[in-house]
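The next block holds one structure in the form of C-alpha cells; read it before the comments.
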Amino acid sequence: MAKQVSFDVFTALLYPSFAALALLPAYEVKFGVDVCAAFLASILACIASHPGDVLLTATYKRGHGSGGFRETLSGIYEKNGFPGFFQGIYARFIHVGAIITLQLVLYDEMKGLLGLPSTGS
C-alpha cells in the first residue's frame, strides 16, 4: 500500500518539474518521471516495511517456546535501541528497492499499453 500511494503522489509532484524542462520528448519525460517516482516510492516502502521484517526474523530466530511478540520487541530495543529495527536497511534498499522500482515502472507501462491513463497524468 505504501508503495502504490507514494508512487501516485511522487508522480503527480514530479510531472510539473520534468515537464518544465521541455527539452525532452513527452515519452522520455513520462519514463523519467516513472523511474524517479518509483525509486522514491521504493525507498519509502523499504523504510515502512523493514522494522516489521526485523521483528519477524527475530521471532523466528528465537523459536516458538521462547517468548512472544512483546519479548521479541523489547529484546531488539534493549539490544540496539530504536536503530536496531533498521539494521540491514541499506541492503534492503538495494535488493528490495530495485525490485519495487522495476515493478512500479512496469505497472505504469502496462497501464499505457492497455490504454489506461498513466499515473499522475
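Figures for the structure shown
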quantity: Size of electric dipole in the chain: Cβ of Lys, Arg +1 and of Asp, Glu -1, about Cα centre, debye, nearest 20; calculated: 380
quantity: Inter-label distance, nm, simple model (7 Å from Cα along the C-beta direction), Ala98/Ala48; calculated: 2.3
quantity: Angle in degrees between helix 89-113 and the longest Cα principal axis of the chain, rounded to the nearest 10; calculated: 40
quantity: Ile99 accessible area, assembled protein chains, probe 1.4 Å, Å²; calculated: 90
quantity: Reported label for calculated log10 I(q)/I(0) by the Debye sum over Cα atoms at q = 0.10, 0.18, 0.23 Å⁻¹ given (i) -0.35, -0.99, -1.53; (ii) -0.30, -0.95, -1.48; (iii) -0.43, -0.89, -1.20; calculated: (iii)
quantity: Degrees separating the helix 26-62 axis from the principal Cα axis of the chain, which is the longest one; calculated: 10
quantity: Whole-number accessible area per residue in Å² for the stretch 14-108, which is evaluated in the context of all protein chains at 1.4 Å; calculated: 64
quantity: Cα long-axis angle, helix 2-21 against the chain (0 to 90 degrees, to the nearest 10); calculated: 30
quantity: Cα lying deepest toward the dipole's positive end in the chain, options Pro16, Thr59, Ala48, charges on Cβ; calculated: Thr59
quantity: Under 15 Å, Cβ to Cβ, from Phe18 - net charge with Lys/Arg +1 and Asp/Glu -1; calculated: -2
quantity: ³J(HN,Hα), Karplus 6.51/-1.76/1.60, whole Hz, each residue of the stretch 68-77, x for Gly, Pro; calculated: x, 4, 4, 5, 5, 4, 5, x, 5, 5
quantity: Leu21, Leu73, Leu114, Leu14, reordered so the largest accessible area comes first (probe 1.4 Å); calculated: Leu114, Leu21, Leu73, Leu14
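The values are calculated or read from the model by the stated rules, or taken from the named source; none is laboratory data. All values reported here derive from a predicted model rather than from experimental measurement. Positions of Cβ are backbone-derived with ideal geometry, glycine not excepted, and every protein chain shown enters the neighbour counts. The accessibility values were calculated without ligands, DNA or RNA, using every heavy atom of the protein model including side chains. Shrake-Rupley method; radii C 1.70, N 1.55, O 1.52, S 1.80 Å.
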